[in-house]
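Notes to accompany the following structure.
The values are calculated or read from the model by the stated rules, or taken from the named source; none is laboratory data. These figures come from a predicted structure and were not determined experimentally. Note: ideal-geometry Cβ built from the backbone for every residue, glycine included; neighbour counts use all protein chains shown. Note: areas computed on protein heavy atoms with side chains; ligands, DNA, RNA excluded. Shrake-Rupley method; radii C 1.70, N 1.55, O 1.52, S 1.80 Å.
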Amino acid sequence: MKMNPYKIMKKALKEIKPGFGLGNLKFGMTKAEVKLMLGEPSFIDEYSHSDSDEDLTESWEYDELELSISFDEEEGWKLIMISVNSDFYELEGISLIGLKEKKLLKELEAINLGKLNLEDSSEYDGQDQKIIEIDEKSINFWINDGVLDEIQWSPFFLDDDTIVWPK
């Protein structure tokens, strides 16, 4: 019986490490290094957060891994953000995706990552969306219709402009 290479790879990526990365996937890696580790992404999107051509972001999605990552031009195309949306991934040994808001808040308080900022970001289209931000750990938890469906994090910052890349 042949093992699915994604299943083997996914095991090495299970642990969400704030400020560091995901398992052995580390912030600051180059596109080439990530491609060697994860292979070709299912989808690539390039966009800019401003009108400038100098601050492009490239987002890679890995459908099989339920994972998306971003590289910023401004940072020399280094891995700058990771986002997961599967209950496979764990933070401090706990699977959080799929938890209802109250249970999620309880778990996050128990893990004690820092001050939780809960923000309602619902649009006018009736969708109930909230974000829990923990600035000290550069991590966001996206809650849609009362259930956590995405965790997104980046490296730590010394100040607004200075990234602390993991060693």
Residues of region 19-38 satisfying the condition of being touching a residue at least 24 places away in the same chain (Cβ under 8 Å), open to solvent by less than 30 Å² (accessible area, probe 1.4 Å) and either in contact with a helix residue (DSSP H, G or I) (Cβ under 6 Å, 6 or more places away or on another chain) or assigned to a loop (DSSP other than H, G, I, E, B) (or both): Gly19, Phe27, Gly28, Met29
Name the residue, out of Asn85, Asn112, that is in contact (Cβ under 8 Å) with a residue 60 or more places away in the chain and open to solvent by 70 Å² or more (accessible area, probe 1.4 Å). Asn85
Listed by first then second residue, the pairs whose first member lies in region 145-167 and is touching a residue at least 40 places away in the same chain (Cβ under 8 Å), whose partner is assigned to a loop (DSSP other than H, G, I, E, B) and open to solvent by 90 Å² or more (accessible area, probe 1.4 Å), with beta carbons under 6 Å and at least 6 positions apart or on separate chains, are Val164/Leu158
Looking at Ile111, Ile143, Ile139, which is the one that is within 13 Å of the chain's Cα centre (by Cα) and among the β-branched types (Val, Ile, Thr)? Ile139
Give the residue, chosen from Ile97, Ile80, Ile44, that is within 22 Å of Val147 (Cα to Cα) and either in a strand (DSSP E or B) or at pLDDT 95 or above (or both). Ile97
Against the definition (without any contact (Cβ under 8 Å) to a residue 24 or more places away in the chain, at negative phi, crowded, with 17+ Cβ neighbours inside 10 Å and not basic (Lys, Arg)), how does Ser70 come out, yes or no? yes
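Restricting to region 133-155, count the residues that are among the small types (Gly, Ala, Ser) and over 22 Å from Leu79 (Cβ atoms).
Narrowing region 133-155 to residues among the small types (Gly, Ala, Ser): 138, 146, 154.
Still in the running and over 22 Å from Leu79 (Cβ atoms): 146.
The number of residues fulfilling the criteria is 1.
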All positions within region 151-167 that are under 18 Å from Glu15 (Cα atoms), open to solvent by 30 Å² or more (accessible area, probe 1.4 Å) and assigned to a strand (DSSP E or B): Gln152, Phe156
Restricting the search to region 108-150, which residues are over 25 Å from Asp63 (Cβ atoms) and in a strand (DSSP E or B)? Asn117, Leu118, Glu119, Asp120, Lys130, Ile132, Glu133, Ile134
Does any residue of region 50-60 turn out to be on the phi < 0 side of the Ramachandran plot, at pLDDT 95 or above and open to solvent by 50 Å² or more (accessible area, probe 1.4 Å)? no
Any chance Lys130 is among the basic types (Lys, Arg) and over 19 Å from Leu79 (Cα atoms): yes
Taking the conditions exactly as written (closer than 16 Å to Gln152 by Cβ and either under 13 Å from the mean Cα position of the chain (by Cα) or loosely packed, with under 13 Cβ neighbours inside 10 Å (or both)), does Ile44 satisfy them or not? no
